[in-house]
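Worksheet for the structure shown next.
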Amino acid sequence: DTYITSPSEYVNTVPFQQTLLYKAINIKGCEYFGELDIDVVPVSVVASNTGPLYSCDLSTTDDILSANFEINEIKARYAPLDIAVYESLEDLSTEQNALSGLYTSEGQSLYVRLQDGNQCQGVEIVDLVVNPLPEVNLNDHYLLCTDASSITITAPSGFASYSWIQNRSGREIQISDLEEVTLNETGIYRLEVISEYSFGGDVIACGNSKSFEVIGSNRATIESIEIEDFSSNNKVSVTVGGEGKYEYSLDGFDYQEEAIFENLEPGIYTLFIQDVNGCGITEKEISVLGYPKFVTPNGDGLNDFWQITGIQLSLIHISEPT
């Protein structure tokens, strides 16, 4: 006789029926001999008549379609039958590594052992199918010119359903279920979409979402303008209010971030304050005053007149003393 060194991993080698001999020894050293009959019942491996098990991809941030599948959902399909689920036929035949709970897979076949009193009654194959998540292509930020009316955002088309959600002080409120939404408030928003897949009359829904922020901006409001004129360094300083980020110019072409202009010639200027986000330009005409340091009214055409520069009209009369 051949001694079986690993009884727990024994592989039957005789078709259909085999008798094994065993010896049992109790703690007192008494021996007992017996026989163990093995009946190999041929079964066929067939596709499950309950169909595949579907789940949704875990993430759109990688190139891998991978999903969680609930093994108990497979067992529920066969209730009240007693079953066990395995990754391979080898595990099934040895009844090793039975699956339970959540099982993560990129899509494969699992093997279901139908049993009655630990006697195998058949084997069925259940396919795991991973459906992709919908991709929500929206910007992270949108600009709202708050001194205008609103902005309109259009979601990608082709989804089964849409849900636009606004975060109001920690409370999420659905504001639209259309493909397009019009917004007139700044804040945090989220779009939820659902794709549906139909298989043999069943509809599988996979959802995804994208959060974004609506940021406010507007045209500048001039709060004050300080002009230092009649000096060797004429200077203009501007203070503004508003939600935007602003640039400043005295010719409407060359803009600067600083709200101070120095070394200005006397004259009349138009101050342009531009919102860098594109929400408009505020304009204001200003005067930088100056005057000639001397006058020679001798009729030679040079410095014959003395007048203040930087105002629309000035006329100074110089009279001879009486």
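The values are calculated or read from the model by the stated rules, or taken from the named source; none is laboratory data. Since the structure is predicted, the reported quantities are computational estimates derived from the model, not experimental observations. So basically every Cβ, Gly included, is an ideal-geometry build from the backbone, and we count neighbours across all protein chains shown. Just so you know, the surface numbers come from the protein's heavy atoms only, side chains and all, with ligands and any DNA or RNA stripped out. Shrake-Rupley method; radii C 1.70, N 1.55, O 1.52, S 1.80 Å.
Within segment 71-123, list the GluC sites (Glu not before Pro) lying in a DSSP loop whose Cβ has at most 15 other Cβ atoms in a 10 Å radius.
For GluC sites (Glu not before Pro) across segment 71-123 that sit outside H, G, I, E and B with at most 15 neighbouring Cβ atoms in 10 Å, the list reads 95, 106.
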Problem set entry | Förster-model FRET efficiency, 22 Å R0, residue 11 and residue 46, C-beta, rounded to 0.05 | 0.40
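On a 1.4 Å probe surface of the protein chains, which of 212, 159 comes out largest in accessible area, and what is the full order?
The ordering from most to least exposed comes out as 159, 212.
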Problem set entry | 18 Å Cα-Cα reach of residue 23 towards aspartates and glutamates, excluding residues that sit fewer than 8 places from it in its own chain | 1, 9, 31, 35, 37
Exercise. In a shell of Cβ-Cβ distance under 9 Å around residue 186, excluding residue 186 itself, what net charge do Lys and Arg (+1) and Asp and Glu (-1) give?
Worked result: -3
Exercise. Between segment 242-285 and segment 168-184, what's the alpha-carbon centroid distance in Å?
Worked result: 36
For this session: Report residue 211's accessible area, 1.4 Å probe, all protein chains in place, as a number in Å² to the nearest 10.
Result: 70
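Can you tally the net charge around residue 157? Count Lys and Arg as +1, Asp and Glu as -1, for every other residue whose Cβ sits under 14 Å from the Cβ of residue 157.
-3
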Exercise. Which of the lysines could a cross-linker bridge to residue 235, judged by Cα under 29 Å and excluding same-chain residues fewer than eight apart?
Worked result: 245, 284, 293
Exercise. Just checking the chain: which Cys have no other cysteine's beta-carbon under 4.7 Å?
Worked result: 30, 120
